[in-house]
1. Report the local net charge at B:G42: Lys and Arg +1, Asp and Glu -1, summed over other residues whose C-beta lies under 12 Å from its C-beta.
2. Among A:S50, A:S43, B:S20, what is the fewest-to-most ranking by other Cβ atoms within 10 Å?
3. When the Cα centres of region A:25-67 and region B:48-99 are compared, how far apart do they sit, in Å?
4. I'd like the GluC sites (Glu not before Pro) in region A:1-80 restricted to DSSP loop residues with at most 10 other Cβ atoms within 10 Å, sorted by number.
5. So, counting K/R as plus one and D/E as minus one, what does the shell of residues with Cβ under 10 Å around B:S79 add up to?
6. Let me see the pair-distance distribution of region A:3-119: every alpha carbon pair, 5 Å bin width, integer percents in order.
7. Give me the inter-chain shielding for A:39-47: mean count of other chain Cβ atoms within 10 Å, whole number please.
8. Give me the count of lysine pairs in the protein assembly as shown whose alpha carbons sit under 13 angstrom apart, restricted to pairs 8 or more positions apart or on different chains.
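Taken together, the values in this text are just the output of simple stated rules run on the coordinates, not laboratory data. Predicted model only: the values in this text are computed from it and were never measured. Cβ placement follows ideal geometry from the backbone for every residue including glycine, while neighbour counts extend to all protein chains displayed.
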Amino acid sequence: GAVVSQHPSWVICKSGTSVKIECRSLDFQATTMFWYRQFPKQSLMLMATSNEGSKATYEQGVEKDKFLINHASLTLSTLTVTSAHPEDSSFYICSVTPVQRGGNTDTQYFGPGTRLTVL
Amino acid sequence: GQQLNQSPQSMFIQEGEDVSMNCTSSSIFNTWLWYKQDPGEGPVLLIALYKAGELTSNGRLTAQFGITRKDSFLNISASIPSDVGIYFCAGQTMNRDDKIIFGKGTRLHILP
């Protein structure tokens, strides 16, 4: 499987501040990364698809000006939660889709997640 | 929209028992994935299925891609305490740009 890292693993911030979360693909290049949010005892909710060298594609209901995504290289995507509020507190997880032999691009490998707590 | 129905929502079993969970969809999927998530961690891929009828094992885990391409099951044999966690099914349609759809998860508890 693929190795995906996230940094930081947890962060606590004051309301109104911005928080940047990094997602790195450590053993392969990824033109596409995904950002998910997960609330306690719930499933993963896709927030946006991060495309290297172009704008991210956001899911319906996700504010692109609040959740800024930058995919500047083939191994790094960042999610910035701007002007964070307590309701933004959640578990944020990224995933990557490697291109495998045979063309199967359907498998996603997840990072360990980032726990954001906004006070 | 596409929906994945995963059941059961939770399970309480004795150590050593076998476990079975499944996912169904009203849409046809070309890929079925099964993940396990431990508390505070990201999901870890257990088994990936790419062909209808495919039966794949990973240790004590066995998963099958339903022949109708609308369902999949995951079995765990002889459960052990470290099997505790949340199991998610996920599916994707043929279009490689399609997003992966996740089930709501099955929370597995093992009684002492």
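1. Values: positive: A:R115, B:K36; negative: B:D38, B:E41.
Net local charge, B:G42 excluded: 0.
2. Values: A:S50 25, A:S43 19, B:S20 13.
In increasing order of surrounding Cβ atoms, one gets B:S20, A:S43, A:S50.
3. 23 Å
4. Numbers: sites: A:E22, A:E52, A:E59, A:E63; in loops: A:E52, A:E59, A:E63.
Loop-located and lightly packed - A:E63.
5. On the way: positive: B:R60; negative: B:E15, B:E17, B:D18, B:D83.
It works out to a net charge of -3.
6. 2, 13, 23, 25, 20, 11, 4, 2, 1, 0
7. Working: counts 0, 1, 5, 2, 12, 11, 1, 4, 0.
Taking all residues of A:39-47 together, the mean is 4.
8. For the protein assembly as shown, the number of qualifying lysine pairs is 5.
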